[in-house]
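Accompanying notes for the structure given below.
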Protein chains: 2
Amino acid sequence: MRETDFISGFAKGLSVIEAFDAVNSRLSITDIARMTGLERATARRCLLTLTQLGYADYDGKFFTLTPRILRLGHSYLSSTPLPRLMQPFLDQLSEKTGESASASVLDGDEIVYIARASHKRVMSINLNPGSRLPAYCSSMGRVLLAAMSDDEARRILEDSNRTANTPRTKTSVPELMDEVRKVRLQGYAVIDQELEIGLCSIAVPVRNTRGITIAAINIGAQAPRVTVEEMVERYLPVMQSTRDTIAGVLV
Amino acid sequence: MRETDFISGFAKGLSVIEAFDAVNSRLSITDIARMTGLERATARRCLLTLTQLGYADYDGKFFTLTPRILRLGHSYLSSTPLPRLMQPFLDQLSEKTGESASASVLDGDEIVYIARASHKRVMSINLNPGSRLPAYCSSMGRVLLAAMSDDEARRILEDSNRTANTPRTKTSVPELMDEVRKVRLQGYAVIDQELEIGLCSIAVPVRNTRGITIAAINIGAQAPRVTVEEMVERYLPVMQSTRDTIAGVLV
DNA sequence: TGACATTTGTTCGTATATCGCACAAACTGT
DNA sequence: ACAGTTTGTGCGATATACGAACAAATGTCA
């Protein structure tokens, strides 16, 4: 690929969109320039372009994103077969177990939810397709890391911002690598309140016919209601069965 | 705003992302060029830029979007207070009624789901934040149209692609305008299987302290289980109460 | 199978639009 | 009113988009 096959104006514009988050929802030109490292003039041009296209609003001082931005993420969810394919099976799984069931894939050091059947809220934050959680401390993240080589997994763990969300969170790379290897051997991962106190979850990998792990599915439950052993006993068989059904539908 | 305050490369790139949908998930350079109206050379540059940034994959022939695209839509959902603010109230509403509760805003002639508490699946398609439905035949759409002036609402209806999803779907503009005016007077909208056979829904507007309608909330139920009259009787009071609670939290 | 037609992808020179800088103007709060 | 910030603008240097020509792959028919 040649140098000129890269449209820097496009890349800059995308970084401007990503600069908006929960903490920074109303941003001025200078704010954006600071956050993205772009020149103020460039940031301004990106923001005015977004505004003109209807992706952003401008009150003369601050810019905010509009719901039109959701078209972009929706392009992925609707154009990728996996989320739609998995949804009915997650619904069944949630129905059978009485708990929330989700599917996710890896993007960098984060898992990205691609489908979800939420039964009742067990987590403090709301999860939807598109939501992200750190891979190192989530059950699906452990499963997806276990699908890679040790070297790749270690590199991702090393580059992760490994904060201890709870006293139980494992944060050291050797400790996490031991966990990843264990998950690889046993074929499932259990997280016991490492992400949030009171939240337990179990995940298994979903593999295509070539044996490549393409996603993970999980079930989350409230810790006081069920022990780790009970989770494995109660949910693992039905999850494995669901996983095999999904794998049978995959190409 | 001057001519040069518009980055056409950025705008073109965004149109490339939006070209991907359920029907077109694996696209060649020529496909994209046809769909977006861009030159093949330009489409190629946009796609290679997306690939280099990790937003797309390229197998030498076809391009597909990656989950990284979801970061963009997530920027909106996390940066906008409304979805997060509404979620717990939708959860309560869904809990109380035993049905799915959602919130949406208008984007052009479509409603966009910004939050949802899904109880059980009543629709054939899965709805999530970011999902879109045509405004003319959805309960929340009718409510949001009713919040505009007659002229604005009529213009949107005239520009809509009004297909009859079911035999009950209202499609003529005068008929829909009558409906919109009725909704404006009574303060709620009921859709009886106009979107999908077997699906009934009721919606009310959510207004801020200045009386501006900023969103709509709705409840969907299976038509055989409940008549239109029962829906209004059973759900309208609790929805109005939820709406007032939400309005109280708004600035 | 081989030759031709068609479609698709890539490269290139040039016209032109964008970038980044420096400066000017408008705000903000003291 | 003034210093400190933030936003808007003009301009030369530079990078991008366009259109066409070329190359490669694919499809078609005898």
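Quick notes on this one:
- For A:Tyr113, the conditions (1) closer than 19 Å to A:Glu18 by Cβ; (2) at pLDDT below 95 all hold with the exception of (2).
- Yes/no for B:Leu70 being more than 16 Å from DNA strand D (Cβ to nearest atom) and in contact (Cβ under 8 Å) with a residue 40 or more places away in the chain: no
- Taken over the range B:37-48, residues that are within 29 Å of the chain's Cα centre (by Cα) and surrounded by 18 or more Cβ atoms within 10 Å (Cβ to Cβ) amount to 4.
- Taking the range B:10-35 as the range and being surrounded by fewer than 19 Cβ atoms within 10 Å (Cβ to Cβ) and not in a loop (DSSP other than H, G, I, E, B) as the test, the residues that pass are B:Ala11, B:Ser15, B:Glu18, B:Thr30, B:Asp31, B:Arg34, B:Met35.
- Summed over the range A:58-72, the residues that are among the hydrophobic types (A, V, I, L, M, F, W, C) and more than 11 Å from chain B (Cβ to nearest Cβ) give a count of 1.
- Residue selected from the range A:88-118 under the condition over 16 Å from the mean Cα position of the chain (by Cα) and at the interface with chain B (Cβ under 9 Å from one of its Cβ atoms), by the criterion surrounded by the most Cβ atoms within 10 Å (Cβ to Cβ): A:Asp91
- Contacts under 7 angstrom Cβ, first residue in the range A:4-31 being within 8 Å of chain B (Cβ to nearest Cβ) and under 28 Å from B:Thr51 (Cβ atoms), partner modelled with pLDDT under 90 and not in a helix (DSSP H, G or I), 6 or more apart: A:Lys12/A:Leu38
- B:Tyr76 more than 16 Å from DNA strand D (Cβ to nearest atom), of a type in the set (Ser, Thr, Tyr) and in a helix (DSSP H, G or I): yes
- Selection count, the range A:58-67, where residues are within 15 Å of DNA strand C (Cβ to nearest atom) and free of Cβ contacts under 8 Å to residues at least 12 places away in the same chain: 3
- Within this structure, B:Glu95 fails the test of being assigned to a helix (DSSP H, G or I), more than 16 Å from DNA strand D (Cβ to nearest atom) and not assigned by TED's automatic domain parsing to the domain that holds B:Ala216.
- Index of the failed condition, A:Leu14 passing every other in (1) of a type outside the set (D, E, K, R); (2) away from DNA strand C (no atom under 16 Å from the Cβ); (3) under 24 Å from B:Arg26 (Cβ atoms): (2)
- Test: residue in the range A:109-126 that is in a helix (DSSP H, G or I) and away from DNA strand D (no atom under 16 Å from the Cβ): no
- Options B:Leu85, B:Leu144: the member that is more than 7 Å from chain A (Cβ to nearest Cβ), modelled with pLDDT of 90 or more and within 24 Å of A:Leu27 (Cβ to Cβ): B:Leu85
- Where B:Arg71 falls short, out of the listed (1) within 30 Å of A:Phe62 (Cα to Cα); (2) in contact with a strand residue (DSSP E or B) (Cβ under 6 Å, 6 or more places away or on another chain); (3) of a type outside the set (Gly, Ala, Ser): (2)
- Scan of the range A:32-57 for residues that are facing chain B (nearest Cβ under 10 Å) and within 15 Å of DNA strand C (Cβ to nearest atom), ordered by number: A:Ala41, A:Thr42, A:Arg44, A:Arg45, A:Cys46, A:Leu47, A:Leu48, A:Thr49, A:Leu50, A:Thr51, A:Gln52, A:Leu53
- Verdict on A:Ser75 being crowded, with 20+ Cβ neighbours inside 10 Å, polar (S, T, N, Q) and either more than 7 Å from chain B (Cβ to nearest Cβ) or away from DNA strand C (no atom under 11 Å from the Cβ) (or both): yes
- Qualifying position, being in contact with a strand residue (DSSP E or B) (Cβ under 8 Å, 6 or more places away or on another chain) and basic (Lys, Arg), among B:Arg210, B:Arg243, B:Arg225, B:Arg234: B:Arg243
The values are calculated or read from the model by the stated rules, or taken from the named source; none is laboratory data. In this text, all values refer to a predicted model and were calculated from it rather than measured experimentally. Heads up, the Cβs are rebuilt from the backbone with ideal geometry, glycines too, and the neighbour counts pull from every protein chain shown.
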